[in-house]
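Okay, structure first, notes after.
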Amino acid sequence: MHSSAVSLAPEWLVVPEDPNALAPAVWPASAHRDSGDVLSIGGVSATDLIRDHGTPLLVLDEVEVRARARAFRSSFDAAAKAHGTTASVYYAGKAFLSTAIARWVTEEGLRVDVCTRGELEVALAADVDPSRIGFHGNNKSVSEIERAVQVGIGTIIVDSAIEIERVAEAASRTDVVQRVLVRVNSGVHAETHDFLATAHEDQKFGMTFADAETAVARIRELPGLEFLGLHCHIGSQIFGVAGFRESASRVLDLHHRLLAGGEVPLLNLGGGFGIAYTSVDDPTPIEQLAAEIVAAVAEGCAARGMSMPQLAFEPGRAIVGTAGVTLYEVGTTKEVRLDSGASRLYVSVDGGMSDNARTALYGAQYSARIASRAGTGVPVLARVVGKHCESGDIVVDHEYLPADIGPGDLLAVPATGAYCASLSSNYNHVPRPPVVAVSDGRSRVIVRGESIDDLLARDAGISANEGAR
Ligand code: LLP
């Protein structure tokens, strides 16, 4: 095993016994090394995937997405049933939306949560029943609201007093009664492994309890609107139930007060369920989370002498996150040795912050493995970086990789199914990679990759595009 006098490795990172091993929590269940030690996902080897689709490539395991969707559905169904109510699960499309994914999750019984016209149009193009779509956002435009109301969207989650009037006007123009929820800011904000509870949280989403009470009174006055209940989302990549429990308890106080003025049939507690990004992350199994969260709501209702509302949840990351694996080709490697004697191997790949902005944006941690073979070298501390002109262009900040990793190796970064493709950019005019779905030994493109021509097509200074809008 490699060791140096001073290590740049963070404390949490363990030197692996085998730097080719795949930690089960971070990879799709189908991931394994085949007889030639090549990584295989959904029955397709990484080398075949790359031969057919090139690098970088986001690979999404369809069976894994469907299984996670089913697990959420059945866990919340069972938990709700145990307390005499029902629960709906909306897939939060912001994590990653394409028509294929919308079809998979809806076929598994989920609804879809969108937060822009674009996400709404993808869901509609996938033939998602509009009455099973929820529309979020703190600044939905009049035309977005109009479109949503016209197609018969199931619920609009209103985020401000101004929006209530906009939705009411759209409903009356379309001559429908629009169901709405009111998003509240419970003052609970969950950090990855912890949560903070403050009286008033200083952020843009939701209304304070006082404002929400006024908002509900206004909604109840308006004939074009039907008040369904409260919505609260406390954050993302949350471990454990403490944050959900605290938030639900606060929101139930308001829910209880609102019952004096009429029915409050629903309570939506949002998404935010955490996943494993590295082998040290240990998320609570969904069956247990669902049971504990629903039990906490039931306790809260019993304590206030009220009956259980219907429930709704909005997982995004936990449905698609660990179903995704990004494949890159290693271009160069470089050992950087510091004056202290500590060193780190920089491994440069042919993508970077344009296909995965999470490390640069949030300091997110990922892991990586050589995909095209089993490395034979000792584990060395490495940093996987992209090809962008920016030193913060890091894909995997800290990982032990076999010392013999080099140009031409394929590198796989797992747990990239959520908030990677959806946050991707064309920084440095790098085309966005394709997304392929794998299942039963086959791969198919679900989102086409961009070409240089696609990039040039938007430049109005190129003669072929002149006059183009
Ligand atoms: N519902 C609402 C109202 C939300 O705002 C979100 C996420 C979700 C559901 C889904 O949360 P999830 O289950 O996926 O954690 N780009 C960040 C995450 C932003 C989450 C925004 N809202 C990241 O890459 O970590």
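The values are calculated or read from the model by the stated rules, or taken from the named source; none is laboratory data. Everything numeric here is computed off the predicted structure, so don't read it as measured data. Quick reminder, even Gly has a Cβ in these numbers, built from the backbone with ideal geometry, and neighbours come from all protein chains shown. For the accessible areas, the whole protein counts, side chains as well, though only heavy atoms, and no ligand, DNA or RNA atoms are used. Shrake-Rupley method; radii C 1.70, N 1.55, O 1.52, S 1.80 Å.
On the given criteria, is A371 assigned by TED's automatic domain parsing to the domain that holds L410 and more than 25 Å from the chain's Cα centre (by Cα)?
no
Using the structure shown, decide if E450 is in a loop (DSSP other than H, G, I, E, B), in the same structural domain as A368 (by TED's automatic domain parsing), among the charged types (D, E, K, R) and closer than 28 Å to S236 by Cβ.
yes
Can you list the strands (runs of 3 or more DSSP E) found entirely within region 169-241 that contain at least 3 residues being outside the structural domain of Q365 (by TED's automatic domain parsing) and either basic (K, R) or at pLDDT 95 or above (or both)?
Hits in region 169-241: 178-183, 225-231.
When you scan region 330-337, do you find a residue that is more than 14 Å from the ligand (Cβ to nearest atom), under 21 Å from A80 (Cβ atoms) and surrounded by fewer than 24 Cβ atoms within 10 Å (Cβ to Cβ), even just one?
There is no residue in region 330-337 that is more than 14 Å from the ligand (Cβ to nearest atom), under 21 Å from A80 (Cβ atoms) and surrounded by fewer than 24 Cβ atoms within 10 Å (Cβ to Cβ).
If you take the residues in region 274-311 that are free of Cβ contacts under 8 Å to residues at least 60 places away in the same chain and either within 16 Å of the ligand (Cβ to nearest atom) or of a type in the set (K, R) (or both), which one is farthest from G93 (Cα to Cα)?
R304
State the number of residues belonging to region 415-432 that are away from the ligand (no atom under 16 Å from the Cβ) and part of a loop (DSSP other than H, G, I, E, B).
4
Among the residues of region 152-162, are any open to solvent by 40 Å² or more (accessible area, probe 1.4 Å) and free of Cβ contacts under 8 Å to residues at least 40 places away in the same chain?
Yes; the residues of region 152-162 include at least one that is open to solvent by 40 Å² or more (accessible area, probe 1.4 Å) and free of Cβ contacts under 8 Å to residues at least 40 places away in the same chain.
Filter region 320-379 for residues that are of a type in the set (S, T, N, Q), part of a loop (DSSP other than H, G, I, E, B) and touching a Ser or Thr at 6+ places or on another chain (Cβ under 7 Å) and give the result.
Passing the criteria: S354, N356, Q365, S367, S372.
Would region 201-210 turn up any residue that is on the phi > 0 side of the Ramachandran plot and of a type outside the set (K, R)?
yes
Could you pull out every one of the strands (runs of 3 or more DSSP E) wholly within region 42-143 that has 3 or more residues that are hydrophobic (A, V, I, L, M, F, W, C) and open to solvent by less than 20 Å² (accessible area, probe 1.4 Å)?
Those strands (runs of 3 or more DSSP E) span 57-61, 87-92.
Please enumerate the residues belonging to region 23-80 that are within 27 Å of G271 (Cβ to Cβ), more than 21 Å from the chain's Cα centre (by Cα) and either assigned by TED's automatic domain parsing to the domain that holds G93 or hydrophobic (A, V, I, L, M, F, W, C) (or both).
A78, A79, A80
Answer with yes or no whether A412 is away from the ligand (no atom under 16 Å from the Cβ), surrounded by fewer than 21 Cβ atoms within 10 Å (Cβ to Cβ), modelled with pLDDT of 95 or more and not charged (D, E, K, R).
no
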